[in-house]
Structures are given as structure tokens and as C-alpha cells.
Amino acid sequence: MKQMKLDDYNFEIHFTRRFPASKQEMWEKRLREILNYFPELRGRTTRKLKVGIIDQSLIAAGRAKDTDQIWVRMDASVWTVAHEVTHLVQAVQYEDGVPKEDRIPFGEKACDIYTLARSRDLLDQPPHYLKLPFHVRFSSWPNWAGICHRVAKEAVERRRSGLRNYIKWFETRIDNISTDLELENTYRGYVLKGIPLEEMFG
Ligand SMILES: [Zn+2]
């Protein structure tokens, strides 16, 4: 078991026994980089946040435990770690009595939206819980990460101004954008093939 203080974060990293020593340094660096996107957790001394890196036998890539620990699999993506750290923010904000409109609501979809909204840099994988069109999730995520980040930011803003259904709003907005883009691509395809527009719409 190894414990490490991450800058001004009161985190401990716990590596399991079978975790290869050669990968520990890489993971410490990675966690430090990811945590830099979560200033809310900085300088908290009231509780210890434990980050467990565990071997690949765990079925889920990550999970938050007892609101003050997260465990991630050693092959977890940046996204998975960021999503789990967002669960810690949910707990910390609740504990601190952050006003409702500024707080990340509990729930997996809320966690996904607020993680998407935080930074494009954390989005190496699509979110697990939000409903996304098939090709957004499976065939062109790198192209969609930036769009999802911007739309998620807007959803968070809208929620702050009173929109209750901000999750549905996000999912519908992404669905609409993807339909529009598909249409545009089809249209571009026709133009490239030299087919007259009258024929296309006739
Ligand atoms: Zn979660």
C-alpha cells in the first residue's frame, strides 16, 4: 500500500498488491493532472479522499465508495477517473451546503453532464449514462467530444437559470445537432457528386 499527498489535495493513492510498480509513477502523474481540473477539492483536510488503483478483475471501470473514496481500474480512461472524481465533488458540495442551483445534483446522468462541462481535456471517452445517438457514441466520439462539452456547459447554465429538465435538454440538443450534421453531410455528398439540387429535393 502506498500513500501519497497530491500537492494541496489531501488524497491518498492506494495501489493494490498486484499493481505493477512500473505503472505507479504514471498513475500518480495522471491523477495529479486530472485533479487539477477539480479545484473544489483542493485544500480540504476534513476527510481523506482515497484513490484506489485496482487490477483488471473489477468489472466496472470505476466506482465511488462511501462518498469519500474512489476506486478505478488500472486501465481506466481519463473520463472514468474524472466521472468518479465528480462524484466526490457532489458529496463535498452537499456537505458544504453549496446552494442548490450551484451544486451538482446527485445521480449518474447529472455526474456525466457536469463532467462533460468541466473540460474538453477530460473527454477521451463518451459518457456512460447519457443517451447519445449511436454514431456519436461509437463511431466518431473524438469529433463529438468538443460539441458535447459545449452543449453540456450550456445545459449547466440553463439549469442554473431554472431549467429543471436540463438532462433531457442536453440529450435532445445532441440528437438534433447530429441529425442536422447528417443531413448536411448527405447534402454535401449530393453536391460533390454533381447532382442538381432540384433533383435532390424533387
Ligand atoms: Zn458514476
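Where a number appears in this text, it was derived from the coordinates with a stated rule and is not lab data. Note that the coordinates shown come from a computational prediction; the quantities given were computed from them, not determined experimentally. Quick reminder, even Gly has a Cβ in these numbers, built from the backbone with ideal geometry, and neighbours come from all protein chains shown.
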Requested in this report: Would you mind ranking Ile177, Ile167 so that the residue whose beta carbon has the fewest other beta carbons within 10 Å leads the list?
Outcome: Ile177, Ile167
Query raised in the report: How do Phe38, Phe170 line up, fewest other C-beta atoms within 10 Å first?
Result: Phe38, Phe170
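Could you put Ile13, Ile70 in order, starting from the residue whose Cβ has the fewest other Cβ atoms within 10 Å?
On the way: Ile13 20, Ile70 24.
Going from least to most buried by this count: Ile13, Ile70.
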Report task. Beyond 20 Å between alpha-carbons counts as too far, so tell me which of Lys29/Lys153; Lys29/Lys131; Lys131/Lys153 fall in that bin. Result -> Lys29/Lys153; Lys29/Lys131
